[in-house]
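Bear in mind that the values in this text are calculations on the coordinates, not laboratory data. None of these values were measured; they are calculated from a predicted model. So basically every Cβ, Gly included, is an ideal-geometry build from the backbone, and we count neighbours across all protein chains shown.
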Amino acid sequence: MCGIVGYTGKQEAAPIMLEGLKRLEYRGYDSAGIVINRDGELSLCKAKGYVDALSEKIGGGSLMKGHTGVGHTRWATHGKPSDENAHPHVSSTGKIALVHNGIIENYQKLREMLIAKGFDFKSETDTEVAVNLIQFYYKGDILKAVSEAARRMEGSYALGIVCEDYPDLLLATRKESPLILGIGKDGNFLASDVAAILTHTRDVCYLADDEIAMITPTDIKIFNCELDEIIREPARIDWDISAAEKGGYEHFMFKEIMEQPEAVRKTLSPRLQNGRVVLDDIILEPDYVNSLKKIYIIGCGSAYHVGIVAKYNIEKLARIPVEAVLASEFRYSSPLADKNTLVICISQSGTTADTIAAMREAKRLGARVLSIVNVVGSVIAAESDDVLYTWAGPEIAVATTKAYSTQLAVTYLIALFLADLRGTITCEDYTAIVGGLSALPAKLEEILQNKENVQYLASIFFNKDNIFFIGRNIDYALTLEASLKLKEISYIHSDAYAAGELKHGTISLIEEGTLVIAMASYFRLIDKTVSNIVEVKSRGAEILTLTTVSGKAHVAHASDEIVLIPDIHEILLPSLAVVPMQLFAYYVALARGCSIDKPRNLAKSVTVE
Ligand code: F6R
């Protein structure tokens, strides 16, 4: 949520920041701005809207000269999207400017204190409090001022700061919101996300909570909150920049859908060796696994939907009670977690505020935390007892696709691993599922080769106002994701229901021409689902059914249109079934002319509660 990029070095800073902000735009895109420190004089430009609007105002950067600066692309929290509320914000004296990701929770109290001391405020943001607080503590030593201000601020923040008195210095500090420092050849960088600086450097240091960095063109120094210097070895990022570019595709979302076979292959293949699941990256001892009384799976949005599929599969294979819980609800629901509880946190970004809070609560209660994360070194990865990375590469489109698929793939591995240790799976089933996992990437490719079928279906149905998804068991879990994908990018109202539940109320919404998308891949329950399809069809609904090649004959008589996926072991079906639904959402949104990669009101990586 929101993006930060900063540079200090030999090159002109503004074009570098504009390029970085473009790459970060997926994190927030209601306004953007940059501040340049040119020989001790701050110049500022902000614009409501996309980064292009900012770029136009400053001639692609050519109208703002100087070698040190920070920029920001915003997703509004405090204060509506506007030029005034856009970052950077400048202190009352005009001496200090900063950009901010996160929310300063005690900003009202601090604002009142600062107003009483004579400070002026021009915006509605919590960020202006941060910059004035630093100004308040600034008595000639900017490092000390930032440290004292940081002690007073509650909530989450990542700050990129410049000060007139230090012409080539960038300062950075963070709490619960990511920041990385990039080491370049002729200058150094600051960013909230590696994608912003990957064209310039792959050598980065991660800033930890409460640390402060002083970045000059030739040096980066990191200090703890006591202002003792910390030596941090840089890490090397092995993501290729092409992974963060569209590479000829019209949208990141489509590119990322197409990347799924490879992302799933990369995630699975190192962990499947000689017909066995090998999870070298985690330490779950057999005694611990056998002592487990419960598993919680925690995530938000699509990550939570992965958790629901995993609940069905882990319970089925490993015979442990599993509860999938929304991260935003977990810590307010008196969770029954203790040392005999495993908490699996799922997060693409590893920085989702609700998931971080839930993870910390789980640890406080004594549970062990195993996380499934895409971004290496992110907060959730760093704080978990065990991490299984999804090797999806950078996901730029706001609507997740390849992260969802790789998360799902990892949950199968966990289910098999636990079932094997607990002795709850037969050799035949184990071998069949591992075989299915090995075949998964090729089957995903097969589905993607037939994408035009889905495009055709989208062209028939894109004008609907309401769409209902129904399914049973893992198909129900999948309807939740299919419905979310459709509504977030196409803005069509849609809802997901357990197929057997419709007649307990929702069926009243079905009328002539209502589109019902029935997920009927789970063969064991296909005839039950068909009964529910018939119930809505006889009340006027149009039916689009997703099923397997083997299921086709069972659903044909009750369906107007059918999407087929290949047969595969039943627990792996959601991995195949989700892809046509992602494509459907994509093509419907395309037909409706929606902003696919940056849907309205949304942002990638939700770092506020
Ligand atoms: C939906 C989507 C979101 C995320 C959710 C969690 O397409 O992308 O629902 O799944 O915000 O984000 P992470 O996985 O980064 O914790």
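Brief remarks follow.
- Binning the alpha carbon pair distances of region 524-609 at 10 angstrom intervals from zero yields the distribution 14, 34, 29, 19, 3, expressed in whole percent.
- Reach of K185 by Cα under 19 Å, taken over lysines that are not fewer than 8 positions away in the same chain: K10, K221
- Region 3-238, Cα convex hull volume normalised per residue, Å³: 102
- Placing a pseudo-label 7 Å from each Cα along the Cα-to-Cβ vector at Q455 and D495 gives an inter-label distance of 3.4 nm.
- Kyte-Doolittle mean at least 0.5, axial Cα span of 27 Å or more - DSSP H helices of the chain: 402-422, 573-591
- √(5λ) per eigenvalue of the Cα gyration tensor, region 144-191, largest first, Å: 21, 15, 6
- Taking 24 Å as the limit for the C-alpha separation, the pairs K46/K95; K57/K598; K109/K139; K80/K144 exceed it in the case of K80/K144.
- Based on the convex hull around the alpha carbon atoms, region 245-445 presents an average projected area of 10.6 nm².
- Rounded to the nearest whole Hz, the Karplus-based 3J(HN,Hα) values (6.51 cos²θ - 1.76 cosθ + 1.60, θ = phi - 60°) of region 167-183 follow the sequence x, 10, 10, 10, 10, 9, 8, 8, 8, 6, 9, x, 8, 10, 10, x, 9, with x at glycine and proline.
- Non-local Lys pairs in region 245-445, i.e. 8 or more apart or on different chains, that have alpha carbons under 13 Å apart: 7
- Proximity of backbone amide H atoms, modeled 1.01 Å from N, is registered between A518 and I470, L544, T545, L546 at under 5 Å, excluding neighbours fewer than 5 places apart on the same chain.
- Charge context of A318, other residues only, Cβ under 10 angstrom, K/R +1, D/E -1: +1
- Reciprocal of mean inverse Cα separation for region 451-591 (Kirkwood radius, Å): 14.5
- Exposure proxy shown here: for M17, M113, the number of other Cβ atoms within 10 Å sets the order, fewest to most, as M113, M17.
- Here the spin labels are modelled as points 7 Å beyond Cα on the Cα-Cβ line, and at A235 and D280 they lie 1.9 nm apart.
- Counting every other Cβ atom within 10 Å of each residue's Cβ, H89, H251 order from fewest to most as H251, H89.
- Modelled spin labels at K528 and K57, positioned 7 Å past Cα toward Cβ, are 5.8 nm from each other.
- Other residues with beta-carbon under 11 Å from the beta-carbon of D52 carry, at +1 per Lys or Arg and -1 per Asp or Glu, a net charge of 0.
- Helical runs assigned H by DSSP (4 residues or longer) give the chain a calculated mean residue ellipticity at 222 nm of -11000 deg cm²/dmol, each run adding -39500 (n - 2.57) before division by the residue total.
- Two-site FRET efficiency, R151 against T218, from Cβ-Cβ distance with R₀ of 25 Å, rounded to 0.05: 0.30
- Placing +1 on the Cβ of every Lys and Arg and -1 on the Cβ of every Asp and Glu, with nothing else charged, gives the chain a dipole about its Cα centre of roughly 460 debye.
- Neighbour cut-off at most 16 other Cβ (10 Å), DSSP loop, trypsin sites (Lys or Arg not before Pro), region 319-419: R319, K339
- Solvent-free Debye scattering, log10 I(q)/I(0), computed from the Cα coordinates of the chain at q = 0.09, 0.11, 0.13 Å⁻¹: -0.73, -1.03, -1.31
- Percent of alpha-carbon pairs separated by more than 20 Å within region 1-68: 19
- Computed over the alpha carbons of region 265-308, Rg followed by Dmax gives 13.8, 35 Å.
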